[in-house]
Amino acid sequence: MAQLTHRASALHKSIPAVLFAARGLATASTSPITVETSLPFTGHKIDPPSRSVETSSQELLTFFRDMALMRRMEIAADSLYKAKLIRGFCHLYDGQEAVCVGMEAAINKKDCIITAYRDHCIFLGRGGTLLEAFAELMGRKSGCSKGKGGSMHFYKKEGGFYGGHGIVGAQVPLGCGLAFAQKYSKDESVTFAMYGDGAANQGQLFEALNMAALWDLPAILVCENNHYGMGTAEWRAAKSPAYYKRGDYVPGLKVDGMDVLAVKQACKFAKEHALKNGPIILEMDTYRYHGHSMSDPGSTYRTRDEISGVRQERDPIERVRKLILTHDIATEKELKDTEKEVRKEVDEAIAQAKESPMPDPSELFTNVYVKGLGTESFGADRKELRTVLP
Amino acid sequence: MAATILHGVGATTALSSINYNNSRRSLPERKRTSLVIQCDGSLSSGLNISNNRGAKLSTNAVAQSKQENVTASTTSKPGHELLLFEALREGLEEEMERDPHVCVMGEDVGHYGGSYKVTKGLADKYGDLRVLDTPIAENSFTGMGIGAAMTGLRPIVEGMNMGFLLLAFNQISNNCGMLHYTSGGQFKIPIVIRGPGGVGRQLGAEHSQRLESYFQSIPGIQMVACSTPYNAKGLMKAAIRSDNPVILFEHVLLYNLKERIPDEEYVLSLEEAEKVRPGKHVTVLTYSRMRYHVMQAAKTLVNKGYDPEVIDIRSLKPFDLHTIGNSVKKTHRVLIVEECMRTGGIGASLTASINEHFHDYLDAPIVCLSSQDVPTPYAGVLEEWTVVQPAQIVAAVEQLCQ
């Protein structure tokens, strides 16, 4: 409690005195509140944006709710995996929610996001529903990829979410392709190609960056640096762990990825830059509480103290909670109620997903080819190959 | 419920620019009368075969050779003569004209005009963004093409030599082939990946690769190999219009083939094989450059009294088992002649496939002639011996027909 008031007074010192905030969740206002990010931005070949971010109480409450939902979903996925309802690989995003929520706040659905396999929360952010997510994780027909993709292959075309890719680094050239298409059709939108600190050492990343810079593609490369590439710490894998500087001729920005407002500011800044000047790299300094995936305990290469230390000091949801409480936007109880609501929503979605049907065996052969030019391939042995000549 | 197709296709092939003599026999003109009973039970009579996109197909296309009198239909214009790479360019240009989403990317395709001149002049006409010169980064520009295809563009990625596309294998296999499936049908990848491959004239091991054997297992892609200017243009257009990812295999040594092709627009079917020469003693299945070796051997065989049926399979994935099957049922003997390696090549898959489906119709085991399982040597003599030569084909047919 003492720490909270200490924090509150520290905040009071640095914010202008706009403490006019409506009380209660139901009447959250959109009047601007200016908050300073926890850390300044560091720029590489670019002037970093200002530390003061404009937000509103409504936005902060949305941030809180969204992040709580994502956190709850990932924890639930953890238990489902242990109950063997989710199989294979399951990479969880808890701890990194601020990156995805902050990014969504800065862009619209015409902008594209493409990421690697830690994609559950980004899928939610792009408009995916909990039911689609859980159904896909459990391999059901109502999943977002009809149960055929799994944890690593969430996609949402209408939301501008291009996946969901298993091979490390392969999504970055795809992201540059999305940016190329955006430039080709001149539709004033950008692509966020996300990758991790492990993928930052892939050659195809630098190839893609070269091409993006050559043709001024509106591509923003976002490195979610959670400091560990599965079990290898970043200093053991990269000679230069300053990933925002690795673009060399491409400007970069280092952002505190646990501060949702900093992420929002950086993404807005990056979008403006990309539309005018071409690619930019954002390095989000973030952290994942779980191991690399569910088969990795996450404690063999880092200490439990480190994990709990980050959870205490830098947790993104706690930061927003403190902001909300300091600005009197909602009471402690109201936030707890939001969390309970969110938990109930997740539980309901899981129950519904558990009931939903498995895919039909005939679905094995659908969507291999796009129908229309004749061939229906019915099996690896082509026993029922049907060629309908036009 | 199979689609029943009554199909009479005979093709003339003009081989004027290679050292092969033209056939003195009168080959039947290409007729395309087909009666198609579609899978949904509707009947369509087929002189007006048009694909769903409404292109007017040439119903009486006649590929004429210079020295023959062919009874051409009075409705079709005489056609124009061009080389294979020009035919590819024509097909490409027509598609780019027709659909603004079609774009080309590859090394030296723009200002240089393409290392085999397939994209010559296109950059001047359509601009640098639509005919994109990429840096030497196959993995990432193929990935870029696939990403662009996900949003609705129709890129054509050119590998300067097919062997370079090995660097892009991850993108082709995982993203190109599988994305339609793993996204539950949300994204389609209408990309065309094309380039020359095959054994050239002493180009060395790394530049003489036949990638069709490596790509054939990738689910979700279609592979076609062109062999004449006529089918090069038709397949190029079909590949661009297809919503599936298509890999179009060209051959380094076939770019300067000359043939007369129709003036009217035509689009060939990607899944269809081409009957080059009807016969009744043995079915010879081949594709790409080996087609010409087979035809040369066929002349010798005819003089010796054999009647081989030569089919250019064209579609490497999926195989046109309908045409092949009908031929096997007629001749009961199969010889496969290919340029792929012996191990795990197209011939190996085709052998397995035919054995599985048409075992009862075979009078003799299938013989498959492929290139030797060695890196292609530089020395000319050795290189000649890595690929199948007409003499070997003649010997194989003779042995098969005993």
>> Exactly one of these conditions fails for A:Ala133: (1) within 27 Å of B:Met144 (Cα to Cα); (2) within 15 Å of the chain's Cα centre (by Cα); (3) not β-branched (Val, Ile, Thr). Give me its number.
In response: (1)
>> For the stretch A:180-200, which positions are in contact with a helix residue (DSSP H, G or I) (Cβ under 6 Å, 6 or more places away or on another chain) and either of a type outside the set (A, V, I, L, M) or in a helix (DSSP H, G or I) (or both)?
In response: A:Phe180, A:Ala181, A:Ser189, A:Thr191, A:Tyr195, A:Asp197, A:Ala200
>> Condition check: more than 7 Å from every other protein chain (Cβ to nearest Cβ), free of Cβ contacts under 8 Å to residues at least 40 places away in the same chain, buried (at least 24 other Cβ atoms within 10 Å of the Cβ) and of a type outside the set (A, V, I, L, M, F, W, C). Does B:Thr142 satisfy that?
In response: no
> Exactly one of (1) outside any loop (DSSP other than H, G, I, E, B); (2) open to solvent by less than 30 Å² (accessible area, probe 1.4 Å); (3) more than 13 Å from A:Val99 (Cβ to Cβ) is unmet by A:Tyr289. Its number?
Replying inline: (1)
> Does A:Ser240 qualify as being open to solvent by 40 Å² or more (accessible area, probe 1.4 Å) and within 14 Å of another protein chain (Cβ to nearest Cβ)?
Replying inline: no
> Could we say that B:Ile193 is out of contact with any strand residue (DSSP E or B) (no Cβ under 6 Å at 6 or more places or on another chain) and buried (at least 24 other Cβ atoms within 10 Å of the Cβ) here?
Replying inline: no
>> So, in the stretch A:157-176, how many residues would count as being facing chain B (nearest Cβ under 7 Å), farther than 12 Å from B:Phe187 by Cβ and open to solvent by less than 10 Å² (accessible area, probe 1.4 Å)?
In response: 4
>> Among (1) part of a loop (DSSP other than H, G, I, E, B); (2) away from chain A (no Cβ under 12 Å); (3) open to solvent by 30 Å² or more (accessible area, probe 1.4 Å), there is one condition B:Asp128 misses while meeting the rest; what is its number?
In response: (2)
>> So if I check each of B:Ala391, B:Ala352, which one is open to solvent by 60 Å² or more (accessible area, probe 1.4 Å) and out of contact with any Lys or Arg (no Cβ under 6 Å at 6 or more places or on another chain)?
In response: B:Ala391
>> Among the residues of the stretch A:55-70, are any of a type outside the set (Ser, Thr, Tyr), under 21 Å from the mean Cα position of the chain (by Cα) and within 14 Å of chain B (Cβ to nearest Cβ)?
In response: no
> Here are B:Arg194, B:Arg210: which of them is at pLDDT 90 or above, charged (D, E, K, R) and within 21 Å of B:Thr119 (Cα to Cα)?
Replying inline: B:Arg194
> In the stretch A:283-328, what count of residues is obtained for those that are more than 21 Å from A:Met70 (Cα to Cα) and in contact with a Lys or Arg (Cβ under 8 Å, 6 or more places away or on another chain)?
Replying inline: 3
> Which one is surrounded by the most Cβ atoms within 10 Å (Cβ to Cβ) among residues in the stretch A:106-124 that are in contact with a Phe, Trp or Tyr (Cβ under 8 Å, 6 or more places away or on another chain) and closer than 20 Å to A:Val342 by Cα?
Replying inline: A:Ile122
> Given the structure, is B:Gly220 away from chain A (no Cβ under 12 Å) and assigned to a loop (DSSP other than H, G, I, E, B)?
Replying inline: no
>> more than 17 Å from B:Ile311 (Cβ to Cβ) and of a type outside the set (Phe, Trp, Tyr): which single residue out of B:Val397, B:Val387, B:Val367 fits that description?
In response: B:Val387
> Can you name every residue in the stretch A:119-156 that is within 19 Å of A:Lys84 (Cα to Cα), in a loop (DSSP other than H, G, I, E, B) and more than 14 Å from every other protein chain (Cβ to nearest Cβ)?
Replying inline: A:Met138
> Among (1) among the hydrophobic types (A, V, I, L, M, F, W, C); (2) in contact with a strand residue (DSSP E or B) (Cβ under 6 Å, 6 or more places away or on another chain); (3) within 13 Å of another protein chain (Cβ to nearest Cβ), where does A:Leu209 come up short?
Replying inline: (2)
>> Residues to consider are B:Leu301, B:Leu235, B:Leu254; find the one that is within 22 Å of B:Val109 (Cα to Cα) and touching a helix residue (DSSP H, G or I) at 6+ places or on another chain (Cβ under 7 Å).
In response: B:Leu254
>> Of everything in the stretch B:153-168, what is open to solvent by 10 Å² or more (accessible area, probe 1.4 Å), within 11 Å of another protein chain (Cβ to nearest Cβ) and in a helix (DSSP H, G or I)? Give them in sequence order.
In response: B:Leu167
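The values are calculated or read from the model by the stated rules, or taken from the named source; none is laboratory data. Note that the structure is a prediction, hence the values are computed from the model and not measured. With ideal geometry, Cβ positions are generated from the backbone for all residues, glycine too; neighbour counts draw on all protein chains shown. What goes into the accessible areas is simple: the full protein's heavy atoms, side chains included, and nothing from ligands, DNA or RNA. Shrake-Rupley method; radii C 1.70, N 1.55, O 1.52, S 1.80 Å.
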